[in-house]
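One structure is given below, encoded as structure tokens.
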Amino acid sequence: MFELLIPVSCFFFLLALIPGRHRILAGIIAWITIIIVFIGGLPSWVEESNILYPVMAVLSIPFLIITIRLLLKKDNAVISLTRAAGVAFIIYAPFAFIEAIGNFLIATVISHTYGILQLLGYPVYLVLWNTFQSGFFRVEIILACTGIQAIAIMLGVASAVPTTIRQKCLAFLLIVPTIYILNLFRNAGVIITYTSQLFAWLPDISGNPEYGYSSFFWAHNIFAEGIALIFLVVLAYSLFRLIPSLGDFARALVSSYENEFRSIVYKDTQFSEKQKDEYKLR
């Protein structure tokens, strides 16, 4: 049911890209719908014993409240953030909503991942067009395994500020090949460590009774996501070096959210002037 809101959110993010008085309302609707979709995925993430996404889902609620308040105030940094989200949706939408395009990307990733596994000499074969098997265990490659979300988000971030043609081209070359190639090795690493049960010796904290799932949990949900997060931080730093104005945008965005959060705290709690000063010092 929640997935039906994804095209709605996409439509309003795209509408928010068009200059006009409607942009603020469109941006608000877009953020509300996408956060609802995000929170709607909470049960499946809990079932999969995913740690990162449930935490992000909880944090998305205060983020949404502050974002709406800032959009109503026509905060330039949050308007730019909304524009970046719109660009990310434009890039991601064809792969998510047009099955043939999404499947083509999945098939390409499978082919390249299989090539890496062959180079490493790991015994694996395809039992379905998108499913690897080695021994008893299978790993299915879906759209989320292609890295397209991360690519779309990072390209969206790069579009948050005006850039030259040279910066646009370099940003594309920095983001797309890097994330795509790193994601191939991520897929290969998860397949190897799961199907060989490399992490079977680690404690089972997944809560999933499926045989061997604990090794997949550690490989995919802990190590792979942790390493991917580190690489994305390094990539973001490189992008900020390439486009220095992104640093100004990031500082303005953090400042906007911080100041709005403080205004909510001051309004919703009866602080004394001394308490306010102490809060500011922190």
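The values are calculated or read from the model by the stated rules, or taken from the named source; none is laboratory data. Just so it is clear, the model here is predicted, and its values are computed rather than measured. Every residue, glycine among them, receives a Cβ derived from its backbone with ideal geometry; neighbour counts consider all protein chains shown.
Can you tell me which residue among Asn187, Asn208 is over 30 Å from Ser245 (Cα atoms), part of a helix (DSSP H, G or I) and touching a residue at least 40 places away in the same chain (Cβ under 8 Å)?
Asn187
Going by what's in this entry, would Gly135 be described as surrounded by fewer than 18 Cβ atoms within 10 Å (Cβ to Cβ) and at pLDDT 90 or above?
no
Which is in contact (Cβ under 8 Å) with a residue 60 or more places away in the chain and either of a type in the set (Gly, Ala, Ser) or farther than 24 Å from Gly121 by Cα (or both), of Phe137, Phe249?
Phe249
Just for the range 172-195: of the residues that are under 21 Å from Thr131 (Cα atoms) and out of contact with any helix residue (DSSP H, G or I) (no Cβ under 8 Å at 6 or more places or on another chain), which one is surrounded by the most Cβ atoms within 10 Å (Cβ to Cβ)?
Filtering first and then ranking leaves Thr195.
Would you be able to tell me the number of residues in the range 154-166 that are buried (at least 18 other Cβ atoms within 10 Å of the Cβ) and either part of a helix (DSSP H, G or I) or of a type in the set (Ser, Thr, Tyr) (or both)?
6
Can you confirm whether the range 143-159 contains a residue that is more than 13 Å from the chain's Cα centre (by Cα) and over 26 Å from Phe216 (Cβ atoms)?
Checking the range 143-159: at least one residue is more than 13 Å from the chain's Cα centre (by Cα) and over 26 Å from Phe216 (Cβ atoms).
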